[in-house]
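One structure is given here, and the rest of the page talks about it.
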Amino acid sequence: MGVVCGDAGARPLIAQFGAEALARTVREALGEARTALAAGGQVAPTVAELLSIASTRLEAGARESLFPVINATGVVIHTNLGRAPLAPEAVAAAQAAAGYGNLELDLESGRRSARHEHLDSLITGVTGAQAGLAVNNCAGAVLLALAALAEGAPVIVSRGELVEIGGGFRVPDVVAQSGSALVEVGTTNRTHLRDYQQALADHPAARIILRTHPSNFRITGFTSAPALDALAHFAHAHGLLLVEDLGGGALVDLAPYGITGEPTVQDSLKAGVDLVLFSGDKLLGGPQAGIAVGRRELVDRLGRHPLARALRLDKLSVAALAATLRLYRPPSDPTSRIPVLRMLTEPVSMVAARAAVLMAAIEATPALEATLQDTQGYAGGGAMPMQALPSRAVAIRSHRFSAETFARRLRTGATPVLGRIDQDLVLLDLRTVAEAELAVLAEAVQLAS
Ligand SMILES: *Cc1c(COP(=O)(O)O)cnc(C)c1O
């Protein structure tokens, strides 16, 4: 150890990273070498080798681990790639909020105010709800809503909606964590109003019917569930609240763009749902957040619950969410201003035009062969991952590397590029690539070739 750190070769590393960090890293590398030796492995590393290992690790540790990538997968709301990319207005707002700001201060009176005041009128204005509250994410909003409104009383959920969304969000577990007992009704494929009636007769203390959007899961064929308005009517006639976990949170009707089966938040409110819960970074196209909208009295109960403090939004998200919601207010057209909506609604001819530009830029690269290909992108994001979007890709065959190796070289370049592999070809889908990224994307392809 001392020999290694006292070596002349250690000096620049000590100067750059400090003696302590170097000693810790060398100790780790030595430990690993000893384990390998004991296992009958390689010969002991030299001092120079140990310093080289330490140098690689220290440099990797000093770099940021989170950086921008080019999403050429064609999956618009890609959870692994950070879901919704923010609109420039939201980025600017978050940046402006990064330092000191009037997050919880009324500048006129000089008195304390609440951070959600920056969002209240925007949320109600855009959704038409009486009141709204934003917390850390939709999972948090569901937990908070059940904890604050059921207060330990049983929660009724259809068996067809007891889903797992991914990332550990399972409806039965969230109900349990909220402190309520779950009352399952109906069957996997069919649930009727009379099932809810029976559940209520068996569990008269129940206070809430929870309706969940099945998101990344579809039951097809012989299925049925009560219409939302009928369920709301039933709930109210029996003194219950209907809470809906909508997930995706579309605020504009996407059906005219060929995206069907994704109800809007406004539809749910109109159907009589008492409290609608949805994500900020799926179809809304903003930062990670969970939004609850509905009757003022219910939203206020959520706001007063101790969990609301534990789940509150940070200032960057407050700012980015407010700026995103502003883009929904007329005369702004959200489908052109919000990246997620723009990508979802863009005509395939415009995607094809970008594919042609990329194609022209890489065509002459000697080590590869590129062709244009009609393909399918996906909305993704848990809300409606199977919703296919017609798209156009540049399909690349490398003369030097297998599709897997070429895809890895693209992923690990200076600007990481994510594509998808299809039958020995690497497909770069242009639906999720912005015009401004084309030059960098072409360069990344050439570097990896
Ligand atoms: C995605 C989703 C969630 C979780 O939302 P987060 O914002 O990721 O916490 C909850 N419920 C449904 C129905 C979803 O689709």
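Here is a list of conditions, (1) within 26 Å of residue 253 (Cα to Cα); (2) away from the ligand (no atom under 16 Å from the Cβ), and residue 84 meets all of them except one; can you say which number that is?
Looking at each condition in turn, residue 84 falls short on (2).
Are any residues in the range 90-123 surrounded by 17 or more Cβ atoms within 10 Å (Cβ to Cβ) and either without any contact (Cβ under 8 Å) to a residue 12 or more places away in the chain or outside any loop (DSSP other than H, G, I, E, B) (or both), and if so, which ones?
90, 93, 94, 118, 119, 122, 123
Being out of contact with any Ser or Thr (no Cβ under 6 Å at 6 or more places or on another chain) and not in a helix (DSSP H, G or I) narrows it down to one residue among 445, 394; which is it?
Residue meeting the stated conditions: 394.
I need a count of the residues in the range 172-209 that are within 16 Å of the ligand (Cβ to nearest atom), surrounded by fewer than 21 Cβ atoms within 10 Å (Cβ to Cβ) and within 29 Å of residue 221 (Cβ to Cβ).
Qualifying residue count, the range 172-209: 3.
To keep it simple, each residue is scored yes or no on (1) closer than 30 Å to residue 420 by Cβ; (2) more than 39 Å from the chain's Cα centre (by Cα); (3) among the small types (Gly, Ala, Ser).
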position: 12; (1), (2), (3): no, yes, no
position: 16; (1), (2), (3): no, no, no
position: 29; (1), (2), (3): no, no, yes
position: 46; (1), (2), (3): no, yes, no
position: 58; (1), (2), (3): no, no, no
position: 62; (1), (2), (3): no, no, yes
position: 66; (1), (2), (3): yes, no, no
position: 71; (1), (2), (3): yes, no, no
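Could you check, for the range 262-272, whether at least one of its residues is of a type in the set (Lys, Arg), modelled with pLDDT of 95 or more, more than 14 Å from the ligand (Cβ to nearest atom) and crowded, with 16+ Cβ neighbours inside 10 Å?
Taking the range 262-272 first, the residues of a type in the set (Lys, Arg) are 270.
Applying the additional criterion that residues be modelled with pLDDT of 95 or more yields 270.
Narrowing further to those that are more than 14 Å from the ligand (Cβ to nearest atom): 270.
Then drop every residue that is not crowded, with 16+ Cβ neighbours inside 10 Å, which leaves none.
Checked against the condition, which is being of a type in the set (Lys, Arg), modelled with pLDDT of 95 or more, more than 14 Å from the ligand (Cβ to nearest atom) and crowded, with 16+ Cβ neighbours inside 10 Å, the range 262-272 yields no hits at all.
Within the group 131, 141, which residue is buried (at least 18 other Cβ atoms within 10 Å of the Cβ), more than 16 Å from the ligand (Cβ to nearest atom) and within 21 Å of residue 249 (Cα to Cα)? Explain how you work it out, then say what you get.
Numbers: 141 fails: more than 16 Å from the ligand (Cβ to nearest atom).
Answer to the check: 131.
Are any residues in the range 328-339 touching a residue at least 24 places away in the same chain (Cβ under 8 Å) and over 12 Å from residue 252 (Cα atoms), and if so, which ones?
Listed by number, the residues that qualify are 337, 339.
When only residues in the range 282-315 that are away from the ligand (no atom under 16 Å from the Cβ) and hydrophobic (A, V, I, L, M, F, W, C) count, which is surrounded by the fewest Cβ atoms within 10 Å (Cβ to Cβ)?
298
Pairs only if they're at least six apart or on different chains, beta carbon under 7 angstrom, first in the range 151-177 and at positive phi, second within 10 Å of the ligand (Cβ to nearest atom) and part of a loop (DSSP other than H, G, I, E, B); list them, first residue then second.
Matching pairs, first to second residue: 166/216; 166/382.
Any idea which of (1) of a type in the set (A, V, I, L, M); (2) within 16 Å of the ligand (Cβ to nearest atom); (3) more than 13 Å from residue 275 (Cβ to Cβ) is the one residue 153 doesn't satisfy?
Looking at each condition in turn, residue 153 falls short on (2).
The values are calculated or read from the model by the stated rules, or taken from the named source; none is laboratory data. All values reported here derive from a predicted model rather than from experimental measurement. Here the Cβ is made from the backbone with ideal geometry for all residues, glycine too, and neighbour counts use every protein chain on show.
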